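Worksheet for the structure shown next.
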Amino acid sequence: MKNIKTLWILLLVFVTGATVLNAQNKGIQVNGKVIDANSREAISYATVAIVNAENNQMITGTVSDDNGDFTISSAAPNVYFEVSFMGYQKVDVKDFEVTNGQINLGTIGLSQDAQMMDEVTVQGEKSTVEFKLDKRVFNVGKDISSTGMGALEVLNNVPSVNVDLEGTISLRGNTGVQMLIDGKPSVLADEGSNALGSISADMIEKIEVITNPSAKYDAEGTSGIINIVLKKDEKKGLNGSVSLNTGVPNNHSVGVSLNTRTDKFNFFTQFGGGYRTYPGTSKTINTDLVNNTSLESIGESTKNEQFYNITLGTDYYINKWNMLTLSGSYAYEFEGETQDLDYTQYNSSNLATSMWHRSQSTDGDNPKWQFDLQYKKQFKNNKDHVLLASAQGNFFGKDQTSDYVNSSDTEMDLDDNQNIKTDFHETNYNFKVDYTNPLSEAFSLEAGGVYTINDVGNDYTVNNFTNNTWVLDNDLSNNFEFTQKILGLYSTLSFEKNRWGLKAGLRMENTSVNTVLTNTNEKNTQNYTNLFPSIHTSYKLSGKASLQAGYSKRIYRPRLWDLNPFYNVSNSYSIRTGNPDLLPQYADSYELTSILTYNKLSLSSSVYYLYTNDVIERISTYEDGVSISMPSNIGTNKKLGVSINGKYTPKKWFTLTGDINYGTYTREGDFEGESFDMTADQWSSKMTGKIKLPADFDLEITGNYQSAYETVQGEVAESVFADAGLRKKVLKGKLVFNLNVRDIFETRARETYVYQPEYNLYSYNDRGRYVTFGVSFGFGKGDAMYYSGGKRH
């Protein structure tokens with residue numbers, strides 16, 4: 001109840017603030033219509049700006065709708081209106097009358113400018129937001145493109161998008177966003193490559209944001225898609241940047257990014273290396289309620305990583321209508337980890353009866369590679385008539401050895417020392433064709449297919465040190481192989497005219513899964529075909545407000561670690577294992593969204609309903625002091641939620657973004673005779689303040705809160721933490737200094753509880769505070785690259 005009360009207070013403050021802001025900005029209502037002076041046809045998306053007559057500075061602006069009509073409010077007393085559109089002569093309206101608090105500018109005719117049409121340039125264009133059927137389009141105007149910003153900073157100006165000082169991109173408060181460049185995956189957009197710094201604002205035409213993907217996209221769940229569309233005439237010159245980082249605990253790295261563009265070629269490369277340390281603490285308590293005994297483990301761990309990576313690629317413009325892209329990357333990591341666990345056994349009187357120590361020492365090598373070959377054809381009849389074919393592949397390997405030693409200061413029987421070897425590999429291939437054809441001004445057709453191959457294997461060998469010799473443990477050793485093949489075909493048809501639009505699509509995916517436990521020849525084969533429909537509709541209330549509704553069906557397919565019936569024995573009393581009989585979980589997602597951009601405020605509010613079948617939950621069992629956690633399909637889950645995301649910029653030097661998400665869910669299901677029916681709620685919030693200080697300093701402070709929430713067997717405790725960063729720009733943004741502090745107060749932790757009639761389980765893990773200092777220098781058209789030094793995933 002306390003959480004709900006707090007939520008409603010926050011919602012009240014948020015909504016009240018927006019209402020007050022809206023009321024404060026209400027002034028004289030201005031309306032009019034923009035047309036072509038010769039043809040007398042309406043001009044859609046013409047820019048209408050309110051300009052201060054005293055200093056000629058733009059105050060605010062809007063765009064005309066599909067009928068050429070526009071409405072805007074003016075609170076300033078001494079203004080004039082500037083109306084412009086690409087290829088037309090700009091018109092200034094200074095002669096007007098105010099009648100009953102309103103200004104009617106009437107019909108404004110724009111005449112074509114022959115010189116501007118020849119040069120294909122836009123003068124005085126202000127960034128605007130368009131609302132499409134299943135996406136929002138942020139058009140980058142001259143107000144941003146001339147500032148020298150990098151791509152990450154441009155993204156920060158997009159409603160619902162946030163980029164922290166380390167370059168992590170989130171959409172509506174959720175990370176895991178799929179990044180595309182010109183509608184296709186690219187190593188430049190790979191968050192692990194940190195190469196977005198080589199793209200400057202003046203090279204970006206628009207940014208597309210998709211929160212509820214249509215049938216065109218893979219049916220696997222995703223947080224959303226962001227597509228960066230580059231200008232075709234801004235890809236010349238040499239661009240690059242160099243970045244150095246150091247931090248506590250160890251976070252040392254160097255990165256270099258280079259990009260050169262000509263009329264025919266675009267070459268890019270990024271390479272770097274570094275060394276990082278991840279310390280952590282843990283605590284587990286297994287309580288036997290039948291015998292009133294407990295087992296406690298307290299531990300510390302340190303993971304060290306040394307990594308190197310390189311990316312190479314080129315775009316080849318065969319001609320105006322055909323382009324070929326080839327890119328690849330390679331990375332290599334050396335990892336080492338130490339862990340120390342102290343165990344204590346307590347009797348029914350809560351007295352320690354035995355104590356022992358278990359230490360771990362791990363070394364491993366992790367090679368990785370990735371390639372991407374893409375062909376794009378643009379047809380002459382329409383720039384949006386496009387065929388895109390691509391082949392992609394990636395590999396990740398792990399060759400790891402771990403030694404476990406048990407010791408005690410008292411006389412007691414200890415488990416044997418162990419040596420464990422892991423040989424893991426994962427290879428993925430993706431072959432894809434997408435076709436888009438605008439059939440008319442109103443109708444558009446999309447169709448395509450994709451074939452994906454996932455080949456994963458994990459050879460796990462355990463040797464016990466028995467009678468002074470190493471003996472293979474056949475009960476724990478295993479070689480598990482997993483192969484998954486997915487064939488997907490889709491088609492969508494959309495209609496969009498004036499203020500209203502509709503897009504419907506259907507995706508078919510056939511999934512074939514084969515798993516083999518080679519040491520027992522135990523096989524599991526699944527083959528299933530699913531249909532994934534989607535439908536989206538939108539209605540534009542004005543150039544600044546829109547309503548959108550959407551439905552899509554999604555799937556989550558179990559991965560190797562979900563299916564492998566064996567487990568890692570780093571903590572032999574708290575074990576996680578897989579389930580080879582696990583089935584996919586399916587979800588029906590419904591969403592209704594209202595979007596408002598008004599002067600200095602952008603506000604997005606969504607109500608959503610998620611119905612999930614065959615929900616995958618980890619179920620814990622307990623026997624002889626050992627807890628085993630295994631995923632299982634447990635019934636259904638119905639979740640109803642509301643999400644509010646806002647960005648408010650009251651001053652040029654201050655931006656406030658906030659996310660509030662609340663959901664209530666109902667679980668129905670049972671497992672091995674135990675009922676898991678329950679009703680509970682959960683909410684989270686994030687608030688980020690960005691302040692531009694004098695002398696080109698930028699300060700960013702972020703607070704995060706995750707409420708406690710119930711699980712099918714217990715609960716997860718609440719979590720609250722804060723991050724901060726300070727950035728200093730020199731040489732007009734070409735030289736950047738960064739100071740970042742993650743988890744300022746060292747409060748970010750994960751605590752879980754399992755409450756059962758015969759036993760209770762408690763688990764705690766944290767990582768502590770991280771402080772990083774970095775310096776980046778950019779040259780050419782590239783802005784300084786914020787290379788975090790993170791390993792490639």
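Tell me the label-point distance for the pair K497, F697, using the 7 Å Cα-to-Cβ offset, in nm and rounded to one decimal.
5.8 nm
Give the calculated FRET efficiency between N765 and D92 to the nearest 0.05, with a Förster radius of 51 Å applied to their Cβ-Cβ distance. All intermediate terms of the calculation are to be shown ahead of the outcome.
Details: r = 62 Å, r/R0 = 1.22.
Result of the calculation: an efficiency of 0.25.
Considering only protein heavy atoms, what is the solvent-accessible area of D423 at a probe of 1.4 Å, reported in Å² to the nearest 10?
Probe radius 1.4 Å; accessible area of D423 about 90 Å².
How large is the accessible surface per residue of the stretch 444-509, computed with a 1.4 Å probe and reported in Å² as a whole number? All intermediate terms of the calculation are to be shown ahead of the outcome.
Working: 3050 Å² over 66 residues.
On a per-residue basis, 46 Å².
For a test of the definition: using alpha carbon positions, the gyration tensor, and the 1.5 limit on a/c, classify the stretch 375-428 as rounded, prolate or oblate.
Numbers: a/c = 10.38, a/b = 5.56, b/c = 1.86.
Cα axes put the stretch 375-428 in the prolate bin.
Go through K639/K690; K206/K377; K264/K728; K90/K216; K368/K421 and tell me which ones have a Cα-Cα distance over 30 Å in this structure. Please report the intermediate quantities before stating the final value.
On the way: K639/K690 33 Å; K206/K377 20 Å; K264/K728 37 Å; K90/K216 39 Å; K368/K421 19 Å.
In this structure, K639/K690; K264/K728; K90/K216 exceed 30 Å between Cα atoms.
Using the crude model of +1 on Lys and Arg Cβ and -1 on Asp and Glu Cβ, and no other charge, please compute the dipole size for the stretch 527-634 relative to its Cα centre, in debye to 20. Before the final figure, lay out each step's value.
Numbers: 9 positive and 8 negative charges, 155 e Å.
I would put it at about 740 debye.
Applying 1/(1 + (r/R0)^6) with R0 = 51 Å to the Cβ-Cβ distance of D416 and V256, what FRET efficiency is obtained, to the nearest 0.05? Kindly include the intermediate steps, with their values, before the conclusion.
Numbers: r = 49 Å, r/R0 = 0.95.
Efficiency at R0 = 51 Å is approximately 0.55.
Quick check: with the 1.4 Å probe, what order do L388, L171, L489 take by accessible area, largest first? Each step should come with its number before you reach the end.
On the way: L388 25, L171 0, L489 85 Å².
The ranking, largest first, comes out as L489, L388, L171.
So how much slack lies between A442 and F265, counting 0.36 nm per residue of separation and subtracting their Cα-Cα distance, in nm? Please report the intermediate quantities before stating the final value.
On the way: separation 177, 0.36 × 177 = 63.72 nm, distance 3.51 nm.
Stretched out fully, the A442 to F265 stretch lengthens by 60.2 nm.
Between N530 and S675, what FRET efficiency follows from the Cβ-Cβ distance if R0 is 30 Å, with the result rounded to 0.05? Don't jump to the answer; show the numbers that get you there.
Values: r = 29 Å, r/R0 = 0.96.
The computed FRET efficiency comes out at 0.55.
Hey, can you find the accessible area per residue of the stretch 250-364 for me, probe 1.4 Å, expressed in square angstrom?
Values: 5280 Å² over 115 residues.
Spelled out: the 1.4 Å probe surface of the stretch 250-364, per residue, equals 46 Å².
So for the stretch 321-379, taking the charge dipole from beta-carbon charges (+1 Lys/Arg, -1 Asp/Glu), which of S359, Y343, F379 sits furthest toward the positive end?
So the residue we want is F379.
The values are calculated or read from the model by the stated rules, or taken from the named source; none is laboratory data. Here the structure is a predicted model, which is why all the values come from computation and not from measurement. Note that each Cβ is placed from the backbone with ideal geometry, even for glycine, and that neighbours are counted across all protein chains shown. Protein only, heavy atoms only, side chains kept; ligands, DNA and RNA dropped before computing areas. Shrake-Rupley method; radii C 1.70, N 1.55, O 1.52, S 1.80 Å.
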